[in-house]
Amino acid sequence: MPWLYLVLAGLLEVVWAIGLKYTEGFSKLWPSVVTVAAMIASFHLLSLALRTLPVGTAYAIWTGIGAVGAAILGIFLLDEPRAFGRLASIALIVAGIIGLKLSHS
């Protein structure tokens, strides 16, 4: 169950990271509400995962999911660059996330 909490927390991190762009400095009500709700839920789920998972592993995976998700959605939703170096770097983050999960005993 802690891994499920961690993945959900990471996905919610993507929601609030992208949501920040749409809040326009928290000047738009509904994007701000969704962003803050996703932040709270993400931190709560991360805290549940940390009951049993090592903090270094859990935090790295949480931020990795958030970074990869935000970068990919940035490409598709915000027309951010699709340069080879950027995509290769995203792939390296994914490899790191997989490595951390596989090395956890």
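The values are calculated or read from the model by the stated rules, or taken from the named source; none is laboratory data. This is a predicted model, so every value here is computed, not measured. Cβ sites come from the backbone with ideal geometry, for glycine too, and all protein chains shown count toward neighbours. Please note that ligands, DNA and RNA were not included when accessible areas were found on the heavy atoms of the full protein model with its side chains. Shrake-Rupley method; radii C 1.70, N 1.55, O 1.52, S 1.80 Å.
Side notes on the structure shown:
- Choice from L45, L77, L20 with maximal GNM fluctuation in the chain (Cα, 10 Å cutoff): L77
- With R₀ set to 30 Å, the beta-carbon distance separating R82 from W30 gives a calculated FRET efficiency near 0.55.
- When H44, H104 are compared by accessible surface with a 1.4 Å probe, the order from highest to lowest is H44, H104.
- Dipole magnitude of the chain about its Cα centre (Cβ charges: Lys, Arg +1; Asp, Glu -1), debye to nearest 20: 140
- Phi angles across the stretch 75-90 convert, under the Karplus curve 6.51 cos²θ - 1.76 cosθ + 1.60 with θ = phi - 60°, into 3J(HN,Hα) values of 5, 7, 8, 10, 6, 6, x, 10, 4, 4, x, 5, 5, 5, 5, 4 Hz, Gly and Pro given as x.
- In the set (i) -0.65, -0.73; (ii) -0.57, -0.65; (iii) -0.71, -0.79, the label that goes with log10 I(q)/I(0) by the Debye sum over Cα atoms at q = 0.15, 0.16 Å⁻¹ computed for this structure is (i).
- Averaged over its residues, the chain has an accessible area of 60 Å² per residue, based on protein heavy atoms and a 1.4 Å probe.
- Helix-only [θ]222 nm of the chain, DSSP H runs n ≥ 4, -39500 (n - 2.57) each, per residue, nearest 500: -28500 deg cm²/dmol
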